[in-house]
Amino acid sequence: MTRKLALLGSAVCFALSAGSACADDLPVRKAGLWQLKLVTTGSPVPEMTMQHCTDETVDKEMSNNVSPMAKQICAKQEIKKTATGYVSDSECSVAGVSTTSHAEITGDFNSAYTVKSTSHAQGGVAGAAGRDSTMTVQAKWLGACKADQKPGDIVMPGGFKMNVRDMDKLKALLPK
């Protein structure tokens, strides 16, 4: 169960930070309500759709909050501009699980973007045999945030709502 929560937490962080994790390199997403559909293989959570209300301030705050956390757990984290978008490569370790990831990010960050990533994890509870997974994040802008939402709000499957400004809640999903 702890591993499932860690993977879910990692997927949420990755999906949300795809538009903002390195604000120096990636464009800031258009303000408003974004739908994020995550489709994964090799994970206990194969598909998940969430909505994220954001604005420029929230995207920049996410960068400031996620980047230091990533610096603590990642030995390598690079994002490079390409002719068609961006490429990201990282090597991170959480709770004894070492993960190498490669992602290709395309889109305009105003109406839609896609993140296609592959990763290889080794170690942890499941053993050192290694696990491969893929994740595709399809993000599309839906319009203005709903009346009961404020920038930073995330609505998860089942209606669970949280705000990315409460990063300690996301950090709590990761095992020590």
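Please treat every number below as a calculation from the coordinates, not as lab data. Remember, it's a predicted structure, so these values are computed and weren't measured experimentally. Note that we place each Cβ from the backbone using ideal geometry, even for glycine, and neighbour counts take in every protein chain shown.
Listed values, structure above:
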item: Radius 15 Å from Cβ of ALA147, net charge of other residues (Lys, Arg +1; Asp, Glu -1); result: +1
item: Restraint check, LYS60/LYS161; LYS37/LYS76; LYS116/LYS140; LYS37/LYS81; LYS37/LYS161, Cα-Cα greater than 19 Å; result: LYS60/LYS161; LYS37/LYS76; LYS37/LYS81
item: Separation in nanometres of the label points that stand 7 Å from Cα toward Cβ, at THR134 and GLU78; result: 2.4
item: Relative packing of peptides 142-148, 105-111 - highest average C-beta neighbours within 10 Å first; result: 105-111, 142-148
item: Rg/Rg_ref, region 26-147, where Rg_ref = 2.2 N^0.38 Å and atoms are Cα; result: 1.13
item: Segment GLU91-ALA144, extension gain: residue separation times 0.36 nm, minus the distance between their alpha carbons; result: 15.5 nm
item: For region 85-163, alpha-carbon Rg and Dmax in angstrom; result: 16.4, 48
